[in-house]
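Worksheet for the structure shown next.
The values are calculated or read from the model by the stated rules, or taken from the named source; none is laboratory data. These figures come from a predicted structure and were not determined experimentally. All Cβ positions, glycine included, derive from the backbone under ideal geometry; neighbour counts span all protein chains shown.
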Amino acid sequence: MKIHIKNGRLIDPKHGLDTHADLYIAAGKIAAIGSAPRDFHANRVIDASHCIVCPGLVDLAARLREPGFEYKATLESEMDAACAGGITSLACPPDTDPPLDEPGLVEMLKFRAQNLNQARVYPIGALTQKLEGARLTEMAELRDAGCVGFSQADAPITDTQVLVRALEYAATFGFTVWLRPQDAYLAKGGVAHDGFVATRLGLPAIPTSAETVALATILLLARETGARVHLCRLSAAESLAMVRTAKAEGLNVSCDVGINHVHLSEMDIGYFDTNHHLVPPLRGLRDRDAIRAALADGTVDALCSDHTPVDEDGKQMPFGESEPGATGLELLLPLTLKWARENGIPLSQALARITHQPAHILGLDAGHLAIGHAADICVFDPEATWIVASSILKSQGKNTPFLGYEMQGRVHATLVEGHVVFEGEENGQRRR
Amino acid sequence: MTLNPQLNQDGALKHLLTIDGLPRAILTHILDTAEGFIAVSEQEVKKVPLLRGKAIFNLFFEPSTRTRTTFEIAAKRLSADVINLNINASSQSKGETLLDTVDNLAAMQADMFVVRHAQSGAAHMIARHVAPHIHVVNAGDGRHAHPTQGLLDMFTIRKYKGEFHNLRVAIVGDVLHSRVARSQIHALTTLGVPEVRVIAPKTLLPTGVEQLGVHVYHEMAKGLKDVDVVIMLRLQNERMRGALLPSAQEYFKYYGLTPDKLTLARPDAIVMHPGPMNRGVEIDSAVADGKQSVILPQVTYGIAVRMAVMSILAGN
């Protein structure tokens with residue numbers, strides 16, 4: 001199969017490429033950029049007029065809900081959603097049921113995902129058995145089965161000695177440990193940010209210190225053990241300042257934030273809107289602005305969808321009992337573009353946060369365009385607008401704070417290894 | 001979503017979910033209407049036919065005696081048919097969701113739901129869900145709101161003090177967990193009370209409580225000085241288990257209302273309590289039964305205020 005993507009604006013943040021050029025794909029790889037290779041006869045031509053052609057997106061956190069939560073989502077539905085969102089590689093956290101703590105489970109997930117021939121799935125293995133925070137998993141075996149890192153997802157490690165040992169053991173093999181900093185005791189029972197909105201609505205609160213206290217511990221132990229740590233879903237301004245300092249001191253850490261937290265704050269909870277019940281909680285406006293600034297200055301390495309499909313019943317509950325999380329695979333790109341537009345961030349810099357930078361955290365040679373490399377491509381129209389509606393979302397999860405919002409930026413085509421895995425319908429509105 | 005979910009398109013009260021965000025005119029209208037119902041309660045035949053033929057469901061997902069009873073009496077004095085449901089024991093334990101329960105009861109031709117639930121926001125959720133002709137009254141949701149309690153407290157204050165614009169009011173105790181305190185604070189500030197104080201140890205105050213428009217005190221000696229109204233909050237025993245307080249004894253010593261501490265307030269100050277009281281924990285019996293206490297009149301006025309709320313909702 002030979003594909004010719006013509007008339008597009010090519011952006012490759014890693015190589016500083018931003019130019020109008022055609023892309024030629026053969027045998028699943030990028031064959032040429034600019035002019036066609038000798039004797040190239042395309043089987044297919046994709047017209048990318050008005051569109052941007054960039055590396056397929058890399059998402060650091062997408063819950064596919066398999067195994068165990070198939071009533072919330074299935075691999076089929078969520079892989080469709082990923083491709084519709086221009087995502088070609090994604091990492092999935094280990095909080096399935098059972099958790100990804102045994103090689104067999106990881107192999108099965110990889111096998112199921114590969115058979116779908118869609119986006120590439122990179123499982124994050126459980127750091128401790130059953131995510132209970134007590135006994136280490138067989139990390140080396142899990143790596144051999146396909147895990148690219150180890151995490152507790154949202155489950156706590158309350159015993160700090162276990163945390164030290166997990167970091168030491170992972171460091172032995174050079175594995176990256178992914179941690180979302182949260183002190184289990186300080187966050188106990190909380191469902192919303194400890195601020196004015198939780199006070200007014202009478203919602204049990206999670207203070208900022210639940211994140212910063214745990215983060216301070218992790219940073220100290222990362223330094224002591226030499227483990228490579230990736231910090232997930234930071235939510236507070238103070239946390240970002242701490243990471244900025246740690247990075248300046250040369251500590252080997254990286255971090256990401258979720259797309260919802262870039263745009264929303266506690267104020268958006270309104271009258272107990274459960275679509276805004278997220279983990280970590282939406283924090284203050286000051287925190288949201290600090291997240292946007294840290295994304296811009298590079299303190300935050302990657303932006304992720306934090307895709308968490310929840311079934312309707314899980315959200316039709318009083319706020320405190322409702323299930324946290326939001327669907328996000330199909331919103332990662334438009335919400336990244338929204339941030340870039342609002343903050344005057346160059347497109348190439350914005351795309352870096354969802355392409356080669358997350359790929360680097362995963363240890364993948366992905367998220368960039370180079371001749372001879374796998375043709376994982378996202379073609380999107382940056383001007384096309386669409387309204388977020390449950391009927392449009394391919395994900396089985398229809399829960400998002402952005403329901404009813406107009407998004408700008410729509411995926412036109414997604415390619416994985418030179419195969420077209422998604423093609424958009426022409427129903428978006430173009431903005432003049 | 002940004003529209004006030006309690007008001008209809010004409011700005012009239014459709015549901016009563018919280019005092020927060022209600023205009024002063026609506027609060028005053030409820031209090032004025034309640035005034036008229038006091039007389040009904042003193043008649044020999046304590047009934048008016050305002051809600052004849054209406055079905056009011058008391059949906060109590062959390063145990064309550066006093067609130068449920070006063071709602072029941074209020075509805076019956078308005079000639080409504082009242083159905084009491086204590087739900088924590090039945091359907092919820094069978095796994096039926098809250099909204100399924102509501103749908104089933106709505107199918108029995110309900111006109112009004114009076115809802116109490118342990119989760120903040122439960123009444124809002126039900127109000128969003130029900131058919132347009134059904135009214136919802138929040139009878140207490142989690143830590144969020146207990147608007148009829150807040151209103152009956154305002155009614156009591158107005159009865160004894162006449163006006164709101166010249167008062168100092170102190171609310172003492174567990175504001176953190178109290179839906180009553182939140183409703184009182186919104187009602188007092190909306191009705192124009194110039195100085196609302198909260199008095200409590202730091203463990204029992206929510207973050208940023210000043211932003212609700214109150215002055216924070218940690219000492220009774222300072223906080224009670226020259227106040228016109230003292231509102232005591234109930235302290236639940238479980239607070240001692242959560243490391244919020246060391247003991248009931250120490251709490252009583254520093255934050256319990258004794259005759260001695262009450263002398264700091266103005267001589268004509270009134271003492272209120274939403275009940276049920278813990279004598280010897282937050283309030284001394286000598287105060288609870290003393291001449292400044294208006295705790296029992298609060299209960300009586302509660303019926304008139306609930307009659308007012310239900311009749312106004314049914315009329316809108």
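A:I354: more than 14 Å from every other protein chain (Cβ to nearest Cβ), within 26 Å of A:L75 (Cα to Cα), hydrophobic (A, V, I, L, M, F, W, C) and not in a strand (DSSP E or B), yes or no?
On the way: more than 14 Å from every other protein chain (Cβ to nearest Cβ): yes; within 26 Å of A:L75 (Cα to Cα): yes; hydrophobic (A, V, I, L, M, F, W, C): yes; not in a strand (DSSP E or B): yes.
Yes, satisfied.
Matching residues to (1) among the acidic types (D, E); (2) surrounded by fewer than 24 Cβ atoms within 10 Å (Cβ to Cβ):
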position: A:V300; (1), (2): no, no
position: A:L303; (1), (2): no, no
position: A:T308; (1), (2): no, no
position: A:D313; (1), (2): yes, yes
position: A:R341; (1), (2): no, yes
position: A:P346; (1), (2): no, yes
position: A:R353; (1), (2): no, no
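Residue by residue through the range B:254-287, note down the ones that are assigned to a helix (DSSP H, G or I) and surrounded by 20 or more Cβ atoms within 10 Å (Cβ to Cβ).
The first filter runs over the range B:254-287 and keeps only residues assigned to a helix (DSSP H, G or I), leaving B:254-255, B:259-262, B:285-287.
Within the range B:254-287, B:Y255, B:L262, B:V287 meet the criteria.
Filter the strands (runs of 3 or more DSSP E) completely within the range A:1-48 down to those with at least 3 residues that are over 21 Å from A:A352 (Cα atoms) and under 28 Å from the mean Cα position of the chain (by Cα). Write out each step before concluding.
On the way: elements: A:2-6, A:9-12, A:17-20, A:22-26, A:29-34, A:44-47.
Qualifying strands (runs of 3 or more DSSP E): none found.
Go through the range A:277-312 residue by residue and tally those that are polar (S, T, N, Q) and under 16 Å from the mean Cα position of the chain (by Cα). Walk me through how you get there before you give the answer.
From the range A:277-312, those polar (S, T, N, Q) are A:299, A:305, A:308; that's our starting set.
Still in the running and under 16 Å from the mean Cα position of the chain (by Cα): A:305, A:308.
So the count comes out to 2.
Given the residues B:A74, B:A131, B:A145, which is the only one that is in contact with a His (Cβ under 9 Å, 6 or more places away or on another chain) and either under 24 Å from B:H273 (Cβ atoms) or outside the structural domain of B:P201 (by TED's automatic domain parsing) (or both)? Spell out the reasoning first.
Values: B:A74 fails: in contact with a His (Cβ under 9 Å, 6 or more places away or on another chain); B:A131 fails: in contact with a His (Cβ under 9 Å, 6 or more places away or on another chain).
Matching residue, one of B:A74, B:A131, B:A145: B:A145.
Would it be correct to say that A:L351 is touching a helix residue (DSSP H, G or I) at 6+ places or on another chain (Cβ under 6 Å) and either touching a residue at least 40 places away in the same chain (Cβ under 8 Å) or of a type in the set (G, A, S) (or both)? First the steps, then the outcome.
Values: touching a helix residue (DSSP H, G or I) at 6+ places or on another chain (Cβ under 6 Å): yes; either touching a residue at least 40 places away in the same chain (Cβ under 8 Å) or of a type in the set (G, A, S) (or both): yes.
Here the answer is yes, as A:L351 does meet what is asked.
Among the numbered criteria (1) aromatic (F, W, Y); (2) crowded, with 24+ Cβ neighbours inside 10 Å; (3) within 16 Å of A:P358 (Cβ to Cβ), which single criterion is violated by A:F319?
Evaluating A:F319 over (1) aromatic (F, W, Y); (2) crowded, with 24+ Cβ neighbours inside 10 Å; (3) within 16 Å of A:P358 (Cβ to Cβ) leaves (3) as the failure.
For A:C255, only one of the following conditions fails: (1) out of contact with any Ser or Thr (no Cβ under 7 Å at 6 or more places or on another chain); (2) surrounded by fewer than 24 Cβ atoms within 10 Å (Cβ to Cβ); (3) without any contact (Cβ under 8 Å) to a residue 60 or more places away in the chain. What is its number?
It fails just one condition, (2).
I'm trying to understand the selection: among the residues of the range B:181-200, which are buried (at least 24 other Cβ atoms within 10 Å of the Cβ) and within 11 Å of chain A (Cβ to nearest Cβ)?
Selection gives B:A181, B:R182, B:S183, B:I185.
Taking only the range B:206-248 into account, find how many residues are part of a helix (DSSP H, G or I) and at pLDDT 95 or above.
Of all residues in the range B:206-248, those part of a helix (DSSP H, G or I) come to B:209-212, B:220-223, B:237-240, B:248.
Restricting the remaining residues to those that are at pLDDT 95 or above gives B:209-212, B:220-223.
The number of residues fulfilling the criteria is 8.
Could you pull out the residue among A:K338, A:K315, A:K247 that is under 20 Å from A:L179 (Cα atoms) and either more than 14 Å from chain B (Cβ to nearest Cβ) or among the charged types (D, E, K, R) (or both)?
Details: A:K338 fails: under 20 Å from A:L179 (Cα atoms); A:K315 fails: under 20 Å from A:L179 (Cα atoms).
Residue meeting the stated conditions: A:K247.
Counting only residues that are assigned to a loop (DSSP other than H, G, I, E, B) and at pLDDT below 90, which one in the range B:75-96 is surrounded by the most Cβ atoms within 10 Å (Cβ to Cβ)? Walk me through it before giving the result.
Of the residues in the range B:75-96, the ones assigned to a loop (DSSP other than H, G, I, E, B) are B:78-80, B:87-90, B:95-96.
If we keep only those that are at pLDDT below 90 too, we end up with B:87-90, B:95-96.
Details: B:I87: 19, B:N88: 13, B:A89: 9, B:S90: 11, B:G95: 7, B:E96: 14.
Per the stated criteria, the residue is B:I87.
So, of the residues in the range B:201-245 that are within 14 Å of chain A (Cβ to nearest Cβ) and at positive phi, which turns out to be surrounded by the most Cβ atoms within 10 Å (Cβ to Cβ)?
Keep residues of the range B:201-245 that are within 14 Å of chain A (Cβ to nearest Cβ), which gives B:202-214, B:216, B:233, B:238-239, B:241-244.
Next cut, at positive phi only: B:208, B:213, B:243.
On the way: B:G208: 16, B:G213: 14, B:A243: 8.
Only one residue tops the list, namely B:G208.
Determine the pairs where a residue that is touching a residue at least 12 places away in the same chain (Cβ under 8 Å) and more than 18 Å from A:R9 (Cβ to Cβ), located within the range A:371-396, has a partner that is part of a loop (DSSP other than H, G, I, E, B) and β-branched (V, I, T) with Cβ atoms under 8 Å apart, the partner being 6 or more residues away or on another chain.
Qualifying pairs under 8 Å: A:W386/A:I392; A:V388/A:T400; A:L393/A:T327; A:L393/A:T400; A:S395/A:T327; A:Q396/A:T74.
Report, by residue number, each residue of the range A:166-203 that is part of a helix (DSSP H, G or I), within 24 Å of B:A118 (Cβ to Cβ) and without any contact (Cβ under 8 Å) to a residue 40 or more places away in the chain.
Scanning the range A:166-203 gives A:T199, A:R200.
Going by what's in this entry, would B:E35 be described as more than 24 Å from B:K14 (Cα to Cα) and either surrounded by 14 or more Cβ atoms within 10 Å (Cβ to Cβ) or at pLDDT below 90 (or both)?
Numbers: more than 24 Å from B:K14 (Cα to Cα): no; either surrounded by 14 or more Cβ atoms within 10 Å (Cβ to Cβ) or at pLDDT below 90 (or both): yes.
Taking the combined requirement at face value, the residue does not satisfy it.
Could you count how many residues in the range A:158-209 are at the interface with chain B (Cβ under 10 Å from one of its Cβ atoms) and at positive phi?
Within the range A:158-209, residues that are at the interface with chain B (Cβ under 10 Å from one of its Cβ atoms) and at positive phi number 2.
If I filter the range A:250-304 down to residues being in contact with a Cys (Cβ under 7 Å, 6 or more places away or on another chain) and charged (D, E, K, R), which single residue comes out as nearest to the other protein chains (Cβ to nearest Cβ)?
A:D256
Taking B:R143 as meeting all but one of (1) more than 13 Å from B:E62 (Cα to Cα); (2) touching a helix residue (DSSP H, G or I) at 6+ places or on another chain (Cβ under 8 Å); (3) within 12 Å of chain A (Cβ to nearest Cβ), write down the number of the exception.
Failed condition: (1).
Mind listing whichever residues of the range A:1-20 are surrounded by fewer than 17 Cβ atoms within 10 Å (Cβ to Cβ) and touching a Gly at 6+ places or on another chain (Cβ under 9 Å)?
Within the range A:1-20, A:M1, A:T19, A:H20 meet the criteria.
Out of (1) in contact with a His (Cβ under 8 Å, 6 or more places away or on another chain); (2) in contact (Cβ under 8 Å) with a residue 60 or more places away in the chain, the odd one out for A:S235 is which?
(2)
Would you list the helices (runs of 4 or more DSSP H) that sit entirely within the range A:63-165 and hold 2 or more residues that are farther than 23 Å from A:E323 by Cβ and in contact with a Lys or Arg (Cβ under 9 Å, 6 or more places away or on another chain)?
Numbers: elements: A:75-84, A:103-116, A:139-145.
In the range A:63-165, the matching helices (runs of 4 or more DSSP H) lie at A:75-84, A:103-116.
Of all residues in the range B:260-300, count the ones that are without any contact (Cβ under 8 Å) to a residue 12 or more places away in the chain and among the basic types (K, R).
Within the range B:260-300, residues that are without any contact (Cβ under 8 Å) to a residue 12 or more places away in the chain and among the basic types (K, R) number 2.
For the range B:3-41, how many residues are within 14 Å of another protein chain (Cβ to nearest Cβ) and part of a loop (DSSP other than H, G, I, E, B)?
Final tally of qualifying residues: 12.
Scan the range B:149-169 and tell me whether some residue there is within 30 Å of B:T97 (Cα to Cα) and within 14 Å of chain A (Cβ to nearest Cβ).
Residues of the range B:149-169 within 30 Å of B:T97 (Cα to Cα): B:149-150.
Now restrict to residues that are within 14 Å of chain A (Cβ to nearest Cβ): B:149-150.
Yes: the range B:149-169 contains one or more residues that are within 30 Å of B:T97 (Cα to Cα) and within 14 Å of chain A (Cβ to nearest Cβ).
Looking only at the range A:369-395, which residues are part of a loop (DSSP other than H, G, I, E, B) and crowded, with 22+ Cβ neighbours inside 10 Å? Can you show your working first?
If we filter the range A:369-395 for residues that are part of a loop (DSSP other than H, G, I, E, B), which is where we start, we get A:369-373, A:375-376, A:388-395.
Of everything in the range A:369-395, those that are part of a loop (DSSP other than H, G, I, E, B) and crowded, with 22+ Cβ neighbours inside 10 Å turn out to be A:L369, A:A375, A:D376, A:L393, A:S395.
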